[in-house]
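Worksheet: the structure to be examined is printed underneath.
The values are calculated or read from the model by the stated rules, or taken from the named source; none is laboratory data. Because the structure is a prediction, the values reported are computed rather than measured. Positions of Cβ are backbone-derived with ideal geometry, glycine not excepted, and every protein chain shown enters the neighbour counts.
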Amino acid sequence: MKPSARKKNPHKRKMFYITTPIYYVNDVPHIGHAYTTIAADVLARYKQLRGYETFLLTGTDEHGQKVQQAAVKQGLDPQAHADRMVVAFKELWKRLTISNSDFVRTTEERHKRVVQYVLRELKDRNVLYQASYEGWYCLPDERFWAGEDVVDGKCPECGRPVEHISESNYFFKMSAYQERLIQHIRKHPEFIRPDGRRNEVIGFLERPLEDLCISRPRARLSWGIPFPFDPDYVTYVWVDALVNYISIPGYSSDNRRFKKWWPADVHLVGKDILTTHAVYWSTLLMALGLELPKTLFAHGWWTVNGEKMSKSRGNVVDPNAMADEYGTDAFRYFLLREVPFGQDGDFSKSALTARYNSELANDLGNLFSRTLTMIERYSGGAVPKPHPKAVKMGDRRMAARAKALYRTVGREMDRFAFHRALREIWMLVDFANRYVEQNAPWDMAKDPKKRPRLDTVLYHLAETMRILAIHLFPFMPMTAQRMITEIGSTAQLDHALKPQDYQWGKLKPGRPVQKGKPLFPRMEPPAAVIKQETVASATPSKENRMESTQTEPSLITIDDFRKLELRVGRVVTAEKVAGADKLLKLSVDIGTDTRQVVAGIAAKYAPDQLIGKSVVLVANLKPAVIRGIESRGMILAAGEKEVEALATFAEPVSLGTRVK
Ligand code: MSP
């Protein structure tokens, strides 16, 4: 390749290999499975859009005792059971628009061959030995535990009963790699993420590492990959499963391909399976003389309405049902917006509906639909041409923010901070909403002399929609592609873009826009959401008033107080709530976010009086639905029965500052 040609395509030869865990086929997929797979898909799409050649691998873990038992329960042989169950996973990934490059099943020949090759390699490299073993076995986790680890006859990891087992097995000399592994983790802070998880692994490695039992006697468990040099044994399911990460990109079968993809850039896993990845997998790779993956990222777990998700509680969230009810894109958005990736989070339909209505239907959906409506109405349905002389400071600011997303979203995505990447995108959504209000194109349209300005404003909005769509694509692929097409661009977002496509001004004037159905039609809140009448502190609801007179005033600790997240905000918009004399709907800018709040202050303030006022917002209040409108936070005001004054600031203070 000539150097000039290389310059033309700076993305050439950038690779990104990302994996999900492979899921057991003992049950149908749930929200936990969907979460990792969606996150992996978002990263893969993001990298692909930015010019990387990507490989996203997911699949199913089909051997082992757990799967065998599930099959017996169904009266099926394990292969027939797996063949049946795998369909649910494949269908769900289609449904959730997962763009996986391959799907591995551990019962496939192409995988089994490599597992057997690995076992032979380990033997030839003298890191396998046979020994008799006595210990405690946790069947659900398929792991052995030493006597001192077992707590009251229960597995220290999952709390379920363990069985005592005594048998001869093959062992991998895992202990020999302990020091090397510790050094590797210390030297490569990006290897185990987030940071807290790295410390957990280091903590685990402070105790002497034992060797790993990697076989199961066939007489006890037949459902596994046979040992190639000893027909009495099958492979331990975790070794079998971990090898998928190298068997599929071509280890021992296609060297060129393998070299192209290995080491993986990211193995995404849940926090419960970090040790098996960080310790078993890393040491196995060391023994094989292979490089370690660049990053293991362990995400947190979802509870459901504050409770652990379990079959016995009957609260397992079916991702198909969520996609039916809210649409795939909204479900994807919610999972990555609600909780910082790496932390545990709580799933509830009320939280999903609240975000859906306020962020998707209201902030984004309305902005997009208003933009197209105005172009249809004032510009003959074609993207207008901006007039350089009519460009003002506010337009330049919006363009600068739109351009900056390439950097800011990129920075957050590269740190796996999906929620922050989305927050960056929403800052532009909020800016654009304010821009519409401030420019009031509907007024400009009344005055023919303002034509150049009107065209310029509408062009700026349309181009902002294009740039928003690009950055939204990894999260909400269908919505983003629709936005792009409706705004009159021909871009295909499931292909790499050119770096200049992220620049301002790429949308061609003159192209017809085509307004479709609303991106996110408003949803009724689920029946379980309590309909509060008001949330402003100055006008407590009847129940609240009763409660406060009945209970003794009690003191709170400083820790109680610290639970409150009070932030400086500024009222950006205010309007009356139809049919409610006391209520106003406000949008309050808190720097990182603009919150919609319903406040019971209409008796004291007219909407116009509030615009621009600084206020104190309770930012971590659970969202509530009031008269069908979500309220995300509450503003503080003084007054007993009636509002007397809003809490505000004597000196200027920047938006979002914590009040304590
Ligand atoms: N088969 C193994 C993985 C082998 S990878 C070489 C396995 N399978 S699993 O089906 O049990 O779990 C897969 C993933 O689901 C894990 O990453 C686990 O963390 C995740 N989750 C299970 N329940 C979850 C939640 N409630 N919330 C979030 N993720 C959860 O383990």
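Among the numbered criteria (1) among the polar types (S, T, N, Q); (2) within 12 Å of the ligand (Cβ to nearest atom); (3) modelled with pLDDT under 95, which single criterion is violated by SER247?
It is condition (3) that SER247 fails.
When only residues in the stretch 289-301 that are more than 13 Å from the ligand (Cβ to nearest atom) and surrounded by fewer than 18 Cβ atoms within 10 Å (Cβ to Cβ) count, which is nearest to the chain's Cα centre (by Cα)?
First pass over the stretch 289-301, keeping only residues more than 13 Å from the ligand (Cβ to nearest atom): 289-292, 294-295.
Filter once more, so that each one left must be surrounded by fewer than 18 Cβ atoms within 10 Å (Cβ to Cβ): 289-291, 294.
Working: GLY289: 34, LEU290: 30, GLU291: 28, LYS294: 20 Å.
Here the answer is LYS294.
Let's see how each residue does on (1) free of Cβ contacts under 8 Å to residues at least 24 places away in the same chain; (2) surrounded by 15 or more Cβ atoms within 10 Å (Cβ to Cβ); (3) in the same structural domain as PHE473 (by TED's automatic domain parsing); (4) in a loop (DSSP other than H, G, I, E, B):
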{"site": "LEU372", "(1), (2), (3), (4)": "no, yes, yes, no"}
{"site": "ARG377", "(1), (2), (3), (4)": "no, no, yes, no"}
{"site": "PRO384", "(1), (2), (3), (4)": "no, yes, yes, yes"}
{"site": "ARG397", "(1), (2), (3), (4)": "no, no, yes, no"}
{"site": "VAL409", "(1), (2), (3), (4)": "no, yes, yes, no"}
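Checking ALA330 against (1) at pLDDT 95 or above; (2) among the aliphatic types (A, V, I, L, M); (3) touching a strand residue (DSSP E or B) at 6+ places or on another chain (Cβ under 8 Å): exactly one of these is not met. Which one?
Status for ALA330: all satisfied but (3).
Among the residues of the stretch 273-286, is any outside any helix (DSSP H, G or I), assigned by TED's automatic domain parsing to the domain that holds GLU109 and away from the ligand (no atom under 11 Å from the Cβ)? Don't jump to the end; show me each part of the working.
In the first step, residues of the stretch 273-286 are kept if they are outside any helix (DSSP H, G or I); the result is none.
No, because not a single residue in the stretch 273-286 is outside any helix (DSSP H, G or I), assigned by TED's automatic domain parsing to the domain that holds GLU109 and away from the ligand (no atom under 11 Å from the Cβ).
State whether the residues of the stretch 263-274 include one that is charged (D, E, K, R), touching a Ser or Thr at 6+ places or on another chain (Cβ under 8 Å) and surrounded by fewer than 24 Cβ atoms within 10 Å (Cβ to Cβ). Can you show your working first?
Within the stretch 263-274, the subset charged (D, E, K, R) is 265, 271-272.
When the remaining residues are screened for being touching a Ser or Thr at 6+ places or on another chain (Cβ under 8 Å), the result is 265.
Within this subset, residues satisfying the condition of being surrounded by fewer than 24 Cβ atoms within 10 Å (Cβ to Cβ) are 265.
Taking every residue of the stretch 263-274 in turn, at least one turns out to be charged (D, E, K, R), touching a Ser or Thr at 6+ places or on another chain (Cβ under 8 Å) and surrounded by fewer than 24 Cβ atoms within 10 Å (Cβ to Cβ).
Tell me which of these PHE16 doesn't satisfy, since it passes every other one: (1) within 16 Å of the ligand (Cβ to nearest atom); (2) modelled with pLDDT of 95 or more; (3) surrounded by fewer than 22 Cβ atoms within 10 Å (Cβ to Cβ); (4) not in a helix (DSSP H, G or I).
All conditions pass for PHE16, except number (1).
Just wondering, is there one or more residues in the stretch 597-611 that are part of a strand (DSSP E or B) and free of Cβ contacts under 8 Å to residues at least 60 places away in the same chain? Walk me through how you get there before you give the answer.
Narrowing the stretch 597-611 to residues part of a strand (DSSP E or B): 597-599.
Next, only the ones that are free of Cβ contacts under 8 Å to residues at least 60 places away in the same chain stay: none.
No, the conditions are met nowhere in the stretch 597-611.
Of the residues in the stretch 129-138, how many are surrounded by fewer than 16 Cβ atoms within 10 Å (Cβ to Cβ) and at pLDDT below 90? Can you show your working first?
Of all residues in the stretch 129-138, those surrounded by fewer than 16 Cβ atoms within 10 Å (Cβ to Cβ) come to 129-132, 134.
If we keep only those that are at pLDDT below 90 too, we end up with 134.
Qualifying residue count for the region: 1.
Could you list, in sequence order, the residues of the stretch 302-338 that are exposed (fewer than 15 other Cβ atoms within 10 Å of the Cβ) and within 10 Å of the ligand (Cβ to nearest atom)?
Within the stretch 302-338, LYS308, SER310 qualify.
Can you tell me which residue is farthest from TYR17 (Cα to Cα) among those in the stretch 47-61 that are assigned to a strand (DSSP E or B) and free of Cβ contacts under 8 Å to residues at least 60 places away in the same chain? It would help to see each step written out before you state the result.
Initially, the stretch 47-61 is screened for residues assigned to a strand (DSSP E or B), giving 53-61.
This time we only want the ones that are free of Cβ contacts under 8 Å to residues at least 60 places away in the same chain, so: 53-54, 56, 58, 60.
Numbers: GLU53: 8, THR54: 6, LEU56: 6, THR58: 11, THR60: 18 Å.
Here the answer is THR60.
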